[in-house]
Amino acid sequence: MVLLAAAYIVTYAVSLLSAAAIFATVFVRSRRASAGLGAGRLLELTREEARRSISGDPVFLMHASIALGVGVSIAEVVLAPVLPALFALRILLLAVSVPATAGLAVAFAWRVQRFVQSKSVERSLHTTGAFSSASTRMQGILMVAIALTASELVVAWLPAFALVDAAVSIVRNSLVVAYYVGPTVNLISRVGTRLPSVETPFVLSDIMSGKVDASTVRSGVGDYPDFSPKESLSFDSCVEIGACEASCPATAAGRPLSPRVLMRKLSLHSDAGGEGGPFAVVGEDELWSCTSCGACVSSCPVGVKHLDIVYDLRRDLVARGKLDKEKAGMLENLARSQNPYGFKQSDRAKWAEGLGVQTASESSRAEYVYWVGCVASFDQRAQRVARSMAKIMKSAGVSFAILGQDEACVGDPARRLGEEGRYQELVYQNVEKLNSLGAKKVVTTCPHCFNSLKNEYPRFGGEYEVVHHTQLISDLVRSGRLKVPPDRVREVSVTLHDACYASRYNNIFDEPREALGSSVSDVREMKRNGEKTFCCGAGGSNYWFKVPEQRTISGIRAKEAAETGAKAVATECPFCLSMLEDSSKVMGTGMEVRDVAEIVADAVP
Amino acid sequence: MRIAVCVKHAIDETELKTGPGGRPVLEGAACKVSVFDKNAVEEALRMRSAQGGEVVAFTIGSEDARKSLKEALAMGADRGVLVVGAQASLDTGRTARTIAAAVKKEGAFDVVLCSEGSSDTYSGQVPPMLAEALGTAYVGYARKIQLEGGKAKVERLLEDSVEEVEAPMPVVVSVVSEINEPRYPTLIQIMQASKKPVQEIPESQLAVDPGSSPVAVLGMSVQTSSRKRVIIEGGPEDAAAKLIQELEKEGVLR
Amino acid sequence: MSEQVWAYSGSGEVQCELMSAALELAEKSGRSAVAVELGRQREEVVAQSRLVVKGAGDDPLPEVAAEALTRAARSRHPSTILVGATRNGREVASRVAARLGWPCLSEASKLSIDGAQLQANRTVFAGKVVATVSCGLPAVVTIKPAFYPKSTASGKEVDEFDAGELTGVVKLLSRRKKEAGAVDLRKAKAIVSAGRGVKRKEDLPMLQSLAEELGGALGCSRPLSSDLGWLPEECHIGLTGVTVKPDLYVAVGISGQLQHIAGMKDSKVVVAVNTDKDAPIFQASDYGIVADLYQVVPAIKKALESRR
Ligand SMILES: Cc1cc2nc3c(=O)[nH]c(=O)nc-3n(C[C@H](O)[C@H](O)[C@H](O)COP(=O)(O)OP(=O)(O)OC[C@H]3O[C@@H](n4cnc5c(N)ncnc54)[C@H](O)[C@@H]3O)c2cc1C
Ligand code: SF4
Ligand code: SF4
């Protein structure tokens, strides 16, 4: 009896220590990674976690349940001596632990399914045996941690097993300290810097002005020490949860990329000495496969930022001249013609001929600069989007002007491909033009242009109020400036393909739906929509080159669209339009593919 | 290994403007590095990374020709030599003798690389003439080059055959575009290239033989290139016959 | 100075074309046209008068051919040496010009003699511009293959010249026919390009034979190679495929999306066959036929055959 009591006291003490160790290590390592532990930050993190778990995202449900489960079980252990006396607290803990246990059960099931799929992904990627066993081990630990936490929550209600409970808690807490503190720190450090932020490796104006010597500039990562501490923390934080892999369009298309495998390869290889640098374990097509859709970054529960790493490795490939004809050709076109096609800039405003659209230099007092973008300027199909948008703005009495041949590519294709210098050169050129015209508001029909102008241009001196065309249209409809007569509302079912760069990157969800709703009778949702949308396959500069794949990303998406039973797909991005129209033809879905602006313009008299 | 590579600062045909009388405006026309020359530069860089040594890029032209040298330097060449003088337009012999004089002035080279032809005139004569002027061996239209023991083993790509030949070094080799994929220099690399040394040699210093009879350009006229957009009417047979007539006039049928 | 115009090409076919050019030039200037043959007389060469240069062996490397021609010219003093602008021909011409110290006109099409000046046309700047160039005589000229028709004027006059022993520093290790199948569209003079208007893979030979009839190769729009896999990847023309600049581009059943146009916009003459009169390809074409390709393509082929 005495022995038992002594054992209990020791176990209890160790378990308290192990719980304390979790908090201590998180605290210390956060300080070291200068990932401020401010209350505001933690609150924002908690709010975001709660929002996404409530939305029923299994990853976040799992994540929240684990956090909650660990929290409750620690509380139970800590409070064990006094708990029997405090009835209300017991009830409270019970109330929390029941959903947490349920959540853990769901998480466990999801996890097992991910495990099976991860092995099949590894087979198709031909990963090494050593990698696969390391991955199995890591995933095993995760499943054990989930199982331990769940069983602990259950056992806690059987007073007879208090010793067991405390022991389980020690094991679980040790696992947490050993494996999950880094990821937690990473998560905290990433608050507010996930999508859409992109690391800026150098600033061109500093080099131009001589503040920085060009010969010292390194863009890209060719060896492990070149990774920033944040980037290393990022890939080292991957605990194989597999949410990224589950949402990655490249993996789904059978391309040679899984964001999980990529992160883990870097982590394991660098831990083992990293001989030969990252490219000893990462393939070129692996990196080119990424569409920068951001699904991985957005879905990772521990805040891994895959995209920074993809961009940095791509930059190294570009610097080493590892580009095929398509990629090099596109960059050369940008350098020579300021558009990725290589067409004459003087033809840039041809789409507007006969429409009476003014250029900004002719009418400097227009309220909006309409930023057309390269695709809608040159692609004959997408030009219809530009013409539709012009019609809408005219009909609503919005004063606007275009830049015509003074509009250069926004730079996005160069930046995503890894040619940061060319990107910034285009940015400075555009900023100079926009600023010289005194532009205040910019509207654009391209989410990639939107994202760059809104989130990236300020860093280079270009601050404007930027709106996506679906935002402007819904605004015009709401305010009554744009009138769709009821008899012109089309009786048709339409499903909206959320563009990654509008929805996931920039939280534009409701406006395109409102805009559509003004002009068609039936708007349907695909299974994956909003921030969980599935890429069309064009992002990350992928529009401009080919990557080996087993099926097309756009084909997968076209099928999803067809499954809604809708007659048409609405897009809000000229790249998406081109990709989905092409794949609707190839897949024979028979669906019409049109931009939101085209659909609304049709309904406007 | 010392490798020389010749790059031409050629008129960019895509930017060519038409002046009065249908003549092309050559004065101040936009120029760029002749596209196939990048394959030669790329091959030089690959040789350097396999064998070590130095890559020197040569060009002839005005100050503007520095741009093309800079492109070679941005790709990775170590230094450049600019022969300051007029492009000898269509007098290939004179061009070859000028480059030869500049190359000789820079000392002995193991390999001199050129491309199969320039993007503006595509005569394909400067490389063999250069070898003649330098008194070295020459191999044209290489799609693969192996350097070994003072010899160059080269696979030549001809119209309907492939030849493997061996030439002693020093050697002038012209490469076809199939030989490699030239690298794209990043903007940062281009900026870094401005720091690399470029030596200027006035053409007058080279005392180039003008030749017995120079090649003169008497006139140039721009072919109207915008599409005609003629729709040929009629049934299949009629339309086909009319089409053939038109194509015959265009001179594009064999 | 002798009054002879010499013609030399390692290719018998081109040699016959050169004889047309040589005869034309010789007639205009009261000279005579001579086919120069290295090593032996070739059966496929049709000429009234020949000079067989001994000592070079059959099919010599250009270096040796050049020396043989140089020695012959030093002894016989022709006024002009025409050389076919094939890959080897360009080297031979360049070396002969350099060794003799003569000027050299290249890629010439229309030749004429004006007193002691030789004049020729040639294209420059990717075919956008025709330049008229001239130089004094004697001179070497490379002639663009396939510009002059093959000469049929035959005769029996044969002269010989012994060039003595000829060796070069370049050694031939092996020579083989080019791999079949590997068409290089970038170099094709004519391209027939198939689009999704073609209904079945089995219909492609119809277009292939049209391409052959035109002396060119078969290309396609992206869907045919990348999506349908009917043709190899290197056949697809456009943004994500190869960029081509043939003299003649025949787009058959291609709608003319920009991604495709980007790869062929610099072609010299573009022909389009499409059932849709509003297809954008017609904006990018010189000649358009609005009709079913299954009727038009055979008709074009027939018209071409009857032209021969
Ligand atoms: C990122 C991206 C890159 C791309 N890159 C390329 C590229 O490099 N190259 C490329 O070609 N495409 C490319 N595409 C595809 C391009 O957008 C078009 O889809 C494609 O060029 C269309 O091919 P097509 O003209 O053969 O087919 P379609 O557009 O389907 O046109 C078929 C045409 O055939 C006509 N037709 C039908 N039947 C007949 C008949 N019996 N007789 C005559 N005419 C008939 C029709 O009127 C129609 O105009 C790319 C697309 C994307 C999204
Ligand atoms: S950004 Fe998209 S495509 Fe790229 S790795 Fe992440 S999920 Fe995959
Ligand atoms: S092209 Fe369209 S769906 Fe795709 S990355 Fe951009 S926004 Fe994504």
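Odds and ends about this structure:
- So A:ARG384, is it open to solvent by less than 10 Å² (accessible area, probe 1.4 Å) and within 16 Å of ligand 1 (Cβ to nearest atom): no
- Residues in region C:148-156 include at least one that is among the aliphatic types (A, V, I, L, M) and touching a Leu at 6+ places or on another chain (Cβ under 7 Å).
- Qualifying residue in region A:120-129 (condition: exposed (fewer than 12 other Cβ atoms within 10 Å of the Cβ), on the phi > 0 side of the Ramachandran plot and either outside any helix (DSSP H, G or I) or of a type in the set (A, V, I, L, M, F, W, C) (or both)): yes
- Of everything listed in (1) more than 7 Å from every other protein chain (Cβ to nearest Cβ); (2) charged (D, E, K, R); (3) touching a helix residue (DSSP H, G or I) at 6+ places or on another chain (Cβ under 8 Å), the single unmet condition for C:LYS144 is (3).
- The set of residues from region A:527-579 being within 14 Å of another protein chain (Cβ to nearest Cβ), surrounded by fewer than 24 Cβ atoms within 10 Å (Cβ to Cβ) and either away from ligand 3 (no atom under 12 Å from the Cβ) or β-branched (Val, Ile, Thr) (or both) comprises A:PHE545, A:LYS546, A:VAL547, A:PRO548, A:GLU549, A:GLN550, A:ARG551, A:THR552, A:GLY555.
- Enumeration of residues in region A:476-490 that are in a helix (DSSP H, G or I), open to solvent by less than 80 Å² (accessible area, probe 1.4 Å) and not hydrophobic (A, V, I, L, M, F, W, C): none
- Among residues of region C:197-212, those that are open to solvent by 40 Å² or more (accessible area, probe 1.4 Å) and either within 16 Å of ligand 3 (Cβ to nearest atom) or within 14 Å of chain B (Cβ to nearest Cβ) (or both), counted: 2
- Which listed residue, of A:PHE279, A:PHE235, is closer than 27 Å to A:LYS119 by Cα, open to solvent by 30 Å² or more (accessible area, probe 1.4 Å) and assigned to a helix (DSSP H, G or I): A:PHE279
- Tabulated pairs, region A:529-545, first on the phi < 0 side of the Ramachandran plot and among the acidic types (Asp, Glu), second surrounded by fewer than 24 Cβ atoms within 10 Å (Cβ to Cβ) and in a helix (DSSP H, G or I), C-beta under 9 angstrom, 6+ apart or interchain: A:GLU531/A:ARG52; A:GLU531/A:SER298
- Put simply, of A:SER215, A:SER289, A:SER247 the only residue that is out of contact with any Pro (no Cβ under 8 Å at 6 or more places or on another chain) and within 25 Å of A:LEU195 (Cα to Cα) is A:SER247.
- Any chance A:VAL523 is away from chain C (no Cβ under 14 Å), away from ligand 1 (no atom under 16 Å from the Cβ) and of a type in the set (A, V, I, L, M, F, W, C): yes
- Meets criteria (open to solvent by 30 Å² or more (accessible area, probe 1.4 Å) and either in contact with a helix residue (DSSP H, G or I) (Cβ under 9 Å, 6 or more places away or on another chain) or aromatic (Phe, Trp, Tyr) (or both)) for A:VAL144: yes
- Checked against (1) at pLDDT 90 or above; (2) out of contact with any Pro (no Cβ under 7 Å at 6 or more places or on another chain); (3) open to solvent by 20 Å² or more (accessible area, probe 1.4 Å), A:LEU195 passes all but condition (1).
- In the condition set (1) within 16 Å of ligand 1 (Cβ to nearest atom); (2) assigned to a helix (DSSP H, G or I); (3) open to solvent by 10 Å² or more (accessible area, probe 1.4 Å), A:ALA250 is compliant with all but (3).
- For region B:54-64, the set of residues classified as open to solvent by less than 50 Å² (accessible area, probe 1.4 Å), more than 13 Å from the chain's Cα centre (by Cα) and farther than 15 Å from B:LYS196 by Cβ consists of B:GLY61 only.
- C:VAL34 falls short on exactly one of the conditions (1) among the hydrophobic types (A, V, I, L, M, F, W, C); (2) more than 14 Å from chain B (Cβ to nearest Cβ); (3) closer than 24 Å to B:SER161 by Cα, and that condition is (3).
- Within region C:225-243, if we keep just the residues that are open to solvent by less than 40 Å² (accessible area, probe 1.4 Å) and over 22 Å from C:LYS199 (Cα atoms), the residue that is nearest to ligand 2 (Cβ to nearest atom) turns out to be C:THR240.
- Members of region C:112-139 found to be surrounded by fewer than 17 Cβ atoms within 10 Å (Cβ to Cβ) and more than 8 Å from chain B (Cβ to nearest Cβ), listed by number: C:SER112, C:ASP114, C:GLY115, C:ALA116, C:GLN117
- For region A:461-475, a residue qualifies if it is of a type outside the set (Gly, Ala, Ser) and either surrounded by 19 or more Cβ atoms within 10 Å (Cβ to Cβ) or outside any helix (DSSP H, G or I) (or both), and the qualifying residues are A:GLU463, A:TYR464, A:GLU465, A:VAL466, A:VAL467, A:HIS468, A:HIS469, A:THR470, A:GLN471, A:LEU472, A:ILE473.
- In the set A:GLU48, A:GLU76, only one residue is open to solvent by 40 Å² or more (accessible area, probe 1.4 Å) and among the charged types (D, E, K, R); that residue is A:GLU48.
- Any hit, region C:244-258, residues being more than 9 Å from chain B (Cβ to nearest Cβ), among the hydroxyl-bearing types (Ser, Thr, Tyr), open to solvent by less than 20 Å² (accessible area, probe 1.4 Å) and more than 9 Å from ligand 1 (Cβ to nearest atom): yes
- Residue selected from region B:138-161 under the condition free of Cβ contacts under 8 Å to residues at least 12 places away in the same chain and in a strand (DSSP E or B), by the criterion least open to solvent (accessible area, probe 1.4 Å): B:SER161
- Among the residues making up region C:213-232, a single one is within 14 Å of chain B (Cβ to nearest Cβ) and part of a helix (DSSP H, G or I): C:GLU213.
- In the condition set (1) closer than 29 Å to C:LYS128 by Cβ; (2) within 14 Å of chain A (Cβ to nearest Cβ); (3) open to solvent by 70 Å² or more (accessible area, probe 1.4 Å), B:GLU178 is compliant with all but (3).
- Residues in region A:264-276 that are open to solvent by less than 20 Å² (accessible area, probe 1.4 Å) and either within 14 Å of ligand 2 (Cβ to nearest atom) or in contact with a Ser or Thr (Cβ under 8 Å, 6 or more places away or on another chain) (or both): A:ARG264, A:LEU266.
Yes/no per residue for (1) in contact with a helix residue (DSSP H, G or I) (Cβ under 6 Å, 6 or more places away or on another chain); (2) of a type in the set (A, V, I, L, M, F, W, C):
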position: A:GLN424; (1), (2): yes, no
position: A:VAL427; (1), (2): yes, yes
position: A:LYS440; (1), (2): no, no
position: A:HIS448; (1), (2): yes, no
position: A:PRO458; (1), (2): no, no
position: A:VAL466; (1), (2): yes, yes
position: A:HIS469; (1), (2): yes, no
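The values are calculated or read from the model by the stated rules, or taken from the named source; none is laboratory data. A quick note: this is a predicted structure, and the numbers were derived from the prediction, not measured. Please note: Cβ atoms are built from the backbone with ideal geometry, for glycine as well, and neighbour counts cover all protein chains shown. Surface accessibility is based on the protein's heavy atoms, side chains included, excluding ligands, DNA and RNA. Shrake-Rupley method; radii C 1.70, N 1.55, O 1.52, S 1.80 Å.
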